[in-house]
1. Between residue 281 and residue 147, with labels modelled 7 Å along Cα→Cβ, what's the label distance in nm to one decimal, could you check?
2. Return the single residue from 205, 262, 293 with maximal mean-square fluctuation; model: Gaussian network over the chain, springs between Cα atoms under 10 Å.
3. How far apart, in nm, are the 7 Å Cα→Cβ label points at residue 105 and residue 316?
4. Please state the relative contact order of the chain as a whole percent: Cα pairs under 8 Å, 6+ residues apart?
5. Rounded to the nearest 500, what is the chain's calculated 222 nm mean residue ellipticity when only DSSP H runs of at least 4 contribute -39500 (n - 2.57) each, over all residues?
6. Need the C-alpha centroid separation for segment 201-238 versus segment 29-53, integer Å.
7. Hey, of [x] 5, 25, 34, 25, 10, 1, 0; [y] 6, 27, 33, 20, 9, 3, 2, 0, 0; [z] 5, 23, 27, 21, 14, 7, 2, 0, which did the structure itself give for P(r) over Cα pairs in 10 Å bins from 0, in percent when calculated?
8. So how much slack lies between residue 304 and residue 122, counting 0.36 nm per residue of separation and subtracting their Cα-Cα distance, in nm?
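Please treat every number below as a calculation from the coordinates, not as lab data. Not measured: the values here are computed from a predicted model. Note that each Cβ is placed from the backbone with ideal geometry, even for glycine, and that neighbours are counted across all protein chains shown.
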């Protein structure tokens with residue numbers, strides 16, 4: 001009986017401490033880890049939202065870029081951080097729903113080690129080349145690859161990233177083989193594509209649109225169920241005749257597991273408010289990122305569905321780390 005009373009008393013003390021912590025939150029700057037280099041699409045969306053989140057949270061929101069291993073390095077750092085709401089993770093699908101299906105040594109478990117806050121935006125994967133290549137469509141690019149099998153270099157933002165899986169799905173559907181060249185993020189991959197070191201790449205619409213609009217890159221197709229509203233003249237891969245090539249990407253905000261629910265709710269409200277801001281929403285839509293603003297519960301179920309979805313694709317396609 002005494003032991004039970006002590007346990008109950010300890011639980012009350014812990015609950016009171018967590019409640020006080022949540023009520024006082026935030027009282028210092030918040031760090032958001034982005035697992036890709038500066039200049040990439042996740043970085044663009046993260047910095048745009050960070051500037052607005054500070055208005056709703058009353059504290060600076062600082063972006064920290066921690067690139068490597070398709071987001072696994074940044075994810076692992078956040079998973080091991082204190083669950084106090086001051087270290088968060090803005091991630092793509094790659095780090096938390098693809099990498100765990102590719103690697104048996106992933107140092108974190110998505111469902112065990114993270115507390116979902118919100119799915120932030122949905123983005124399309126766009127297939128692009130340099131205009132000088134002379135390819136006017138995805139079919140043209142596939143024909144070039146078939147004429148020179150295993151020789152055309154195709155960039156991605158890392159093994160297991162959505163751009164990489166878009167490539168794998170296209171190769172499987174078209175019956176063709178490119179040379180996969182993984183980079184540590186979109187920015188260096190695009191630099192090499194513009195410089196002619198690689199032939200083509202898939203990447204998130206937000207980071208490609210400036211280059212498409214300037215005419216430096218030519219979009220051939222999107223790996224989505226429908227055309228992107230910002231690129232209405234660019235067909236889907238399915239329209240080009242390549243079935244089973246849907247590889248929609250998304251960005252979501254996570255906290256370490258055991259972060260108090262009140263803090264998760266506070267962050268979710270702030271994110272929804274930021275995404276509802278007309279200026280932020282317009283800027284996101286302009287670059288092809290569609291605001292999502294889910295609840296933590298909706299995002300949690302979405303993560304479960306995505307883990308199952310990509311696990312099935314990876315097994316069926318026999319996709320492995322290179």
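1. The modelled label-to-label distance comes out at 4.8 nm.
2. 262
3. 3.0
4. Relative contact order comes out at 26 percent.
5. The per-residue figure over the chain is -14000 deg cm²/dmol.
6. 22
7. [y]
8. Separation in residues times 0.36 nm, less the Cα-Cα distance, equals 63.8 nm.
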